[in-house]
Structures are given as C-alpha cells and as structure tokens.
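The values are calculated or read from the model by the stated rules, or taken from the named source; none is laboratory data. Predicted model, so just to flag it, every value in this text is computed and none were measured. Positions of Cβ are generated from backbone atoms using ideal geometry, with glycine treated the same way; all protein chains shown enter the neighbour counts. For accessibility, only protein heavy atoms count, side chains too; no ligands or nucleic acids. Shrake-Rupley method; radii C 1.70, N 1.55, O 1.52, S 1.80 Å.
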Amino acid sequence: MNDANPPALSIRGLHKTFGRKVSVDHVDLEVPRGSFFGLVGPNGAGKTTLLSMAVGLLRPDAGTAAVLGTDVWSDGLRAKTHLGVLPDGLAMPEFLTGREVLTFLGRLRGLDPALVDARAQELLEVMDLLGAEQTLVVDYSTGMRKKIGLATTLLHNPEVLVLDEPFEAVDPVSALTLKRILTRFVSLGGSVVLSSHVMALVEQLCDTVAVMSDGVVVARGPVAQVRGETTLEETFVTLVGAGTGTVEGLSWLGT
C-alpha cells in the first residue's frame, strides 16, 4: 500500500466471534480508491459483521480497519469525516420529517446551518422526497426510508460510502434513483462498498467484488475475473456450495 495514496478501505485481520460461533475469521480486504466494490455472500456469511467492524459500529476481537489511511478505532472521529454509512436496519429519528432528519444530523456534524439547508433541499429533490415534506419518517415506505438513509450518508460530502443491503425491499423506481446517485458518486471520484446477496445487481453496478462464505473471503478481484466464463451468480453458487439441495421430496406440491 502506498501511504501517500491509501485505499478507500483497508481491512486487516478483522475477527469476531459470538459465543462459539466465528462470524468473521481474520479477514483481509482492500477496497481501491474510486471503485464500486461489491461484497457478496449468502445470509449468515458475515458481511454485516465485517462491515460493522470496518466502519466503527462493532468492536472487533482482533484486527484493524482504516478509511483513506485513518484508523477507524484509534482515530474514529477523523475517519468518520471521510465516511458515509448506511447500515442494514438503519435507526432514525422516527418522529421527524425527512428535512428535519437532515437538518438535525447536519447540525450534529457541525455543518454550517445555511449549508445544511441548501444540501437538504438538493438531496430531498434528487431523492424525490419533496412531496413528503409533512410526512414523518415513521410513516415512510421502505423505499423512502432507504432514500432518506442514503441522503443522510451523503449530507457531509464523504469520500467513501459503505452501504449494507441498500436495495433490499426497494421498489424498482426507488432502486433506479439510488443506482443513478451511486454511479454518479463513483464517477466523481468517490468510492462505494456495497453489500448484497443479489448477484445481478452487483454485476450491473460493481467493478470489483469479494465473495464471503462462513466468515472468510473465498474470492476477490475485478468482477470479470471473479465470474470467469459464467455469470457471477453461477460462480457464486459454486464458491459457496449452495444450490445443491433437492426438491424431489415435495411431490405433493401442485396436486
């Protein structure tokens, strides 16, 4: 690694156990600057635990993580100025409107009030949430919640986004908006780490991918290299050993 040009996200030996269960097993991973990086794996592979440790939401048992060269745990405040995080199941102030959420979080980050107002207006417009000016977040649909969640990650103009299942349960119209925003973010020099178990989505958006299974990374590299001569989905099934079950016992279906 070049210290003068560190990667967007550097993970070294991150490890986490819950009781006797090893969730993440000494994982090393490097996300290049300017990349749209996909982290894929079946449910329970350890993706959310790994990303939570990498961004400072969950303390690891061992290992380190750095954002643009700044250690997440020893210099967390500085690291998080570079970072926008959308965790799975993001908790937000439910009884505020979308604009109020952005205003509150912007002021909490110490941004100038006029700057917060201007950015909130732009974000609400881009996310197509201006029509919900009087709607409380508690009454938002899943797609609206994802969009206001992404807006909160972009508000302070971070250089790296880490998004855990940002498209899960999102309708096609909202998903298209999110895709366009993230693609533009990368085109302007930002870096995105996106976790998903939807291979088609990762294949469409990402240039680099890592495949997790049972707490370890079993493959990594450019999407074209990892998938080889098949689709990413077929490669994924082969790597994680999924899809080998039989449905022959369900003879009663359809009778």
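Please work out if GLU94 is farther than 30 Å from ALA224 by Cα, over 22 Å from the mean Cα position of the chain (by Cα) and among the charged types (D, E, K, R).
Details: farther than 30 Å from ALA224 by Cα: yes; over 22 Å from the mean Cα position of the chain (by Cα): no; among the charged types (D, E, K, R): yes.
No: the conditions fail for GLU94.
How many of the residues in segment 100-111 are open to solvent by less than 70 Å² (accessible area, probe 1.4 Å) and more than 22 Å from the chain's Cα centre (by Cα)?
Applying the first criterion (open to solvent by less than 70 Å² (accessible area, probe 1.4 Å)) to segment 100-111 yields 101-103, 105-106, 110-111.
Okay, now just the ones that are also more than 22 Å from the chain's Cα centre (by Cα), so 103, 110-111.
Count: 3.
Inside segment 138-161, residues that are among the β-branched types (Val, Ile, Thr) and in contact with a helix residue (DSSP H, G or I) (Cβ under 6 Å, 6 or more places away or on another chain) make up a count of 2.
Considering each residue of segment 108-120 in turn, at least one proves to be under 19 Å from ALA91 (Cβ atoms) and in contact (Cβ under 8 Å) with a residue 12 or more places away in the chain. For segment 35-58, what are the residues that are modelled with pLDDT under 95 and in contact with a helix residue (DSSP H, G or I) (Cβ under 7 Å, 6 or more places away or on another chain)? VAL40, GLY41, PRO42, GLY56, LEU58 - these are the residues of segment 35-58 that are modelled with pLDDT under 95 and in contact with a helix residue (DSSP H, G or I) (Cβ under 7 Å, 6 or more places away or on another chain).
Among GLY34, GLY13, GLY56, which is the only one that is open to solvent by 10 Å² or more (accessible area, probe 1.4 Å) and without any contact (Cβ under 8 Å) to a residue 40 or more places away in the chain?
Numbers: GLY34 fails: without any contact (Cβ under 8 Å) to a residue 40 or more places away in the chain; GLY13 fails: without any contact (Cβ under 8 Å) to a residue 40 or more places away in the chain.
Only one candidate qualifies: GLY56.
Residues in segment 184-207 that are under 14 Å from the mean Cα position of the chain (by Cα) and polar (S, T, N, Q): SER191, SER195, SER196.
If we keep just the residues of segment 130-142 that are touching a residue at least 40 places away in the same chain (Cβ under 8 Å) and touching a strand residue (DSSP E or B) at 6+ places or on another chain (Cβ under 9 Å), which is least open to solvent (accessible area, probe 1.4 Å)?
The first filter runs over segment 130-142 and keeps only residues touching a residue at least 40 places away in the same chain (Cβ under 8 Å), leaving 136-138, 140.
The next check asks that each one be touching a strand residue (DSSP E or B) at 6+ places or on another chain (Cβ under 9 Å); those that pass are 136-137.
Working: LEU136: 53, VAL137: 0 Å².
Selected residue: VAL137.
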